1. Which value results when the Cα radius of gyration for the stretch 113-217 is divided by 2.2 N^0.38 Å?
2. Can you give the accessible area per residue of the chain, in Å², using a 1.4 Å probe?
3. Going highest first, how would you order 225-236, 100-111 by mean Cβ packing within 10 Å?
4. Going by alpha carbons, how many degrees (0 to 90, nearest 10) lie between the helix axis of 153-162 and the longest principal axis of the chain?
5. As a quick test, which of the pairs K167/K259; K20/K190; K20/K136; K136/K190; K245/K265; K167/K209 have an alpha carbon distance above 25 angstrom in this structure?
6. Between K259 and A204, what is the label-point separation in nm under the 7 Å Cα-to-beta-carbon projection?
7. Kindly list the residues of the stretch 159-176 that lie in the label zone of A243, defined by a backbone N under 20 Å from the point 7 Å along the Cα-to-C-beta vector.
8. With axes computed from alpha carbons, what is the tilt in degrees of helix 241-255 against the longest principal axis of the chain, rounded to the nearest 10 within 0 to 90?
Amino acid sequence: MDNTAQIDYWNGAAGQKWVKEADGLDAMLLPFAHAVLDAAQPGPGERVIDIGCGAGALTLLVAENGAEPIGVDVSSPLIDLARRRAAATGSNATFQVGDASAWTPPEKLDLAISRFGVMFFADPVQAFSGMRAGMKPGGRLAFACWRPLLENEWALAPMVAAMALLKAPPAPPPPGSPGPFSFGDADHVKRVLTESGWSNARLAAWDGKIEMPGLNEDETAEFMLDIGPLSRAIAEQELDRSAVKSAIAKRVRELSDEKGRTRLKAAVWIVEASA
Ligand SMILES: C[S@@+](CC[C@H](N)C(=O)[O-])C[C@H]1O[C@@H](n2cnc3c(N)ncnc32)[C@H](O)[C@@H]1O
């Protein structure tokens, strides 16, 4: 199936925003890099793919553990940043622009990992079948994906704060269509993995709070305008960005602590399976 829409999306404004917010995103998402690494246990010399690696934070951590990771991502601006980061730190991690659902490793892999990079395939069963074919027998899979939007306050709160300004409530995406919350349903994830030939698929719930980027309400509101489902609604509905920002900043002020930091609930699956 065709991933063109997502490839265009991640090479356009979304990719640029992820580059701009990369350091803040990595701090916010660090708990999930650790959760994936705890599940995956990459060993020295192991060949690893980081699926939808973005700016490469997880890939670089895997390389620090002595493994040999390659990050694959459709987004050229994010892969450029990942390569710059690897060069700056002398990392042996490598990066390639590519659609992970159609990518074949030069040698079979020990491990496939991802932090929020596996929910964007038009045909997830085809994608996970292809990725399994690139694994050694018994190879491991470990990834993080969001549970449903309604359980993820970090994404829901800015959407609710801006609701009165939206021309229409954002329509829920059609079932099964790619997007950040498309792997929210545990049975769906297990079905995708089983139908694509992975065995022993298991999901563990991660629940906690994550710290939003930004040292004050203005910076945090700016981040919330750029990242997450609200940013899509703003672009699609051509909304007045400054009005939306004011509404979000007001809500951030209510949610933040005395130091101006905002910690919001996140709900994630840590998924494991074997090739
Ligand atoms: C939510 S971001 C996560 C980025 C990164 N894993 C992180 O944790 O910072 C999703 C990433 O998946 C990538 N992506 C989407 N579809 C893809 C595909 N078919 N193949 C490879 N990467 C893809 C996007 O370009 C984007 O970088």
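1. That ratio works out to 1.27.
2. It amounts to 45 Å² per residue over the chain.
3. 225-236, 100-111
4. It is inclined by approximately 30 degrees.
5. Flagged as over cut-off: K167/K259; K20/K190; K20/K136; K167/K209.
6. 2.8 nm
7. Only 159-171 fall inside the zone, counting backbone N under 20 Å.
8. Relative to the chain, helix 241-255 is tipped by roughly 80 degrees.
The values are calculated or read from the model by the stated rules, or taken from the named source; none is laboratory data. No experiment lies behind these values; they were computed from the predicted model shown. Neighbour counts run over all protein chains shown; Cβ positions are idealised from the backbone, glycine included. The area values use the complete protein model at the heavy-atom level, side chains included, leaving out ligands, DNA and RNA. Shrake-Rupley method; radii C 1.70, N 1.55, O 1.52, S 1.80 Å.
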